[in-house]
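K.L.:
My questions will all concern the structure given below.
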Amino acid sequence: MSALSATPTADPKATSSRLRWTLILACLGQFMVILDVSVVNVALPAIRHGLRFTEQDLQWVVNAYTVTFAGFLLLGGRAADLLGRRRVFVGGLVLFAVSSLAGGLAQSQSMLIVARAVQGLGGAVVAPASLSILTTTFTEPSERNRAVGIWGAMGGAGGAVGVLLGGVLTDLVGWRWILFINVPIGLAAAVLTTVYVAEGRASGATRSFDLAGALTATIGLSLLVLGIVRTDVTGWGDDSTIALLGVGVALLAVFVAIEGRFAKAPLMPLRIYASRTLSAANVVVLFVGAASFGMWFFVSLYLQEVLGYSPIKAGLAFLPMTLCIVAGSVIASRSVLRIGAKPMLIAGMLALTVGLLLFTRIAVNGDYVSNMMIPSLLVAIGIPLSFVPSTICAVQGVAASEAGLASGLVNTSRLVGGALGLAILAAIATARTNSELGHSAAGTHALHVALTGGFQVAFAVAAGLAFAGALVAAFGMPQVVARKRHVQAHEPAAPVESAV
């Protein structure tokens with residue numbers, strides 16, 4: 001039983017206070033690291049002008065973070081289980097705060113990208129440790145599902161609040177403050193964690209971190225993303241593009257081989273995918289990331305580069321979406337056990353699909369209500385209805401000794417989907433924009449038309465990715481998840497099928 005769980009001699013008020021602070025701090029850590037995926041989107045034009053980024057290199061301000069985040073999440077989860085969840089969580093918060101300070105002080109493109117990559121490493125430690133802390137602290141099934149649901153809601157809320165906060169800070173005090181703001185929050189959370197969160201680690205586990213697995217996964221994913229984002233310059237058939245993609249795929253294949261045959265304590269034990277529930281949940285989360293990360297990126301650029309919004313106006317344009325995601329996250333976390341994960345997943349992915357399809361109607365002289373608000377609200381409904389039940393399914397019934405692994409997997413799926421999705425959608429949008437510019441007269445209006453055409457194609461492909469996720473939820477997620485919702489609050493957690 002967790003150190004924070006109630007015992008006959010425990011003070012109920014002290015126990016309740018510690019549980020409450022544990023939930024707050026774990027959710028704050030998750031909120032902060034997910035917020036930093038999207039907070040830079042509204043600030044991208046200001047960052048580009050401030051450090052003279054090219055359009056091609058600009059997305060690395062986002063991808064440097066998401067790639068290292070995704071690549072080291074499993075390692076972060078393993079470290080939390082073996083070294084101590086509180087210790088690793090605090091270390092991740094401090095690393096995140098220090099790298100945020102470095103990014104805010106950056107005077108060159110390379111310094112900012114490196115700082116963002118280190119930020120991603122810090123996030124890769126914080127995110128799985130925070131979920132691992134919750135799943136091992138809240139031992140009563142209904143309370144644990146509620147805590148995990150709230151934690152999952154922070155993912156959607158962080159993405160939504162990020163674009164709003166990014167716009168306000170960029171316009172009022174400059175883009176550097178989107179990074180500086182992490183410093184006091186991260187350090188304060190680290191101090192409070194040492195006071196309120198109990199230490200814990202997996203007992204009797206092999207102290208192996210599978211560094212070879214982490215490196216092959218991260219380098220392979222990075223090369224794959226790099227190969228994709230360079231296609232707007234080199235083309236898909238160029239030798240360098242094929243080489244980057246080939247080496248990236250080969251390294252990912254080596255990663256799978258390491259996990260399956262060679263690692264003493266693999267970051268991603270392939271046996272865990274014997275669980276159909278966990279596997280389907282991770283695939284759905286991958287599609288959520290691929291579809292939604294690109295949406296934040298392209299809507300932010302459309303509002304500023306085409307419609308001419310200031311950063312603060314662009315941020316405020318996301319306010320209805322932000323409020324809807326926060327409300328939807330609360331509703332989803334409270335309703336998933338009553339409604340069932342599968343119906344909620346299908347509804348969420350279909351809402352996300354329809355919202356992205358409506359975004360394809362954006363125009364050069366677009367109207368805010370029809371071109372922005374209506375589709376964004378549908379997307380805002382779809383994200384929490386998809387991510388919250390997916391997160392619960394992904395960690396449901398996992399043994400405490402592998403809580404970090406399960407949380408690392410679901411975060412990895414989302415971030416890998418986001419990194420690859422953004423790279424693919426950006427390459428497609430840029431190709432369409434360049435094609436239209438090549439067939440039109442020079443001028444600001446022609447540029448806006450070309451940019452809008454590229455964004456429209458990207459939204460259409462993103463809608464296809466979201467619909468693929470809906471199909472996985474409908475035909476891949478076992479119906480048994482929904483049937484068990486009435487008894488989970490009264491029964492002890494059981495292992496997820498044959499996963500553990």
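The values are calculated or read from the model by the stated rules, or taken from the named source; none is laboratory data. All of these numbers come straight from a predicted model, not from anything done at the bench. A quick note on method: Cβ atoms are made from the backbone with ideal geometry, for glycine too, and the neighbour counts reach across all protein chains shown.
K.L.:
Give, as residue ranges, the helices (runs of 4 or more DSSP H) completely inside the range 89-190 that count at least 2 residues that are of a type outside the set (A, V, I, L, M, F, W, C) and closer than 21 Å to Asp57 by Cβ.
P.N.:
On the way: elements: 109-137, 141-172, 177-180.
Here the list reads 109-137, 141-172.
K.L.:
Among Val416, Val481, Val500, Val410, which is the only one that is aliphatic (A, V, I, L, M), modelled with pLDDT under 85 and not in a helix (DSSP H, G or I)?
P.N.:
Values: Val416 fails: not in a helix (DSSP H, G or I); Val481 fails: not in a helix (DSSP H, G or I); Val410 fails: not in a helix (DSSP H, G or I).
After applying the criteria, what remains is Val500.
K.L.:
Considering the range 26-61 alone, what residues qualify as being over 13 Å from the mean Cα position of the chain (by Cα), among the charged types (D, E, K, R) and assigned to a helix (DSSP H, G or I)?
P.N.:
Result: Arg48, Glu55, Asp57.
K.L.:
For Asp81, are the conditions met, namely being over 18 Å from the mean Cα position of the chain (by Cα), acidic (Asp, Glu), surrounded by 24 or more Cβ atoms within 10 Å (Cβ to Cβ) and modelled with pLDDT under 90? Outline the logic, then answer.
P.N.:
Details: over 18 Å from the mean Cα position of the chain (by Cα): yes; acidic (Asp, Glu): yes; surrounded by 24 or more Cβ atoms within 10 Å (Cβ to Cβ): yes; modelled with pLDDT under 90: yes.
Criteria met by Asp81.
K.L.:
Here is a list: Ile346, Ile325, Ile381, Ile331. Which entry is under 20 Å from Phe467 (Cα atoms) and either without any contact (Cβ under 8 Å) to a residue 60 or more places away in the chain or not hydrophobic (A, V, I, L, M, F, W, C) (or both)?
P.N.:
Details: Ile346 fails: either without any contact (Cβ under 8 Å) to a residue 60 or more places away in the chain or not hydrophobic (A, V, I, L, M, F, W, C) (or both); Ile325 fails: either without any contact (Cβ under 8 Å) to a residue 60 or more places away in the chain or not hydrophobic (A, V, I, L, M, F, W, C) (or both); Ile331 fails: under 20 Å from Phe467 (Cα atoms).
None of the others qualify; the one that does is Ile381.
K.L.:
Quick one: in the range 27-56, which of the residues that are of a type in the set (D, E, K, R) and surrounded by fewer than 24 Cβ atoms within 10 Å (Cβ to Cβ) is modelled with the highest pLDDT?
P.N.:
Result: Arg48.
K.L.:
Test Gln119 against the stated conditions and say whether it is touching a helix residue (DSSP H, G or I) at 6+ places or on another chain (Cβ under 6 Å) and among the polar types (S, T, N, Q).
P.N.:
Values: touching a helix residue (DSSP H, G or I) at 6+ places or on another chain (Cβ under 6 Å): yes; among the polar types (S, T, N, Q): yes.
In short, yes.
K.L.:
Output the number of the condition that Leu267 fails; it satisfies all remaining conditions of (1) assigned to a helix (DSSP H, G or I); (2) surrounded by 21 or more Cβ atoms within 10 Å (Cβ to Cβ); (3) at pLDDT below 85.
P.N.:
Against the list (1) assigned to a helix (DSSP H, G or I); (2) surrounded by 21 or more Cβ atoms within 10 Å (Cβ to Cβ); (3) at pLDDT below 85, Leu267 comes up short only on (1).
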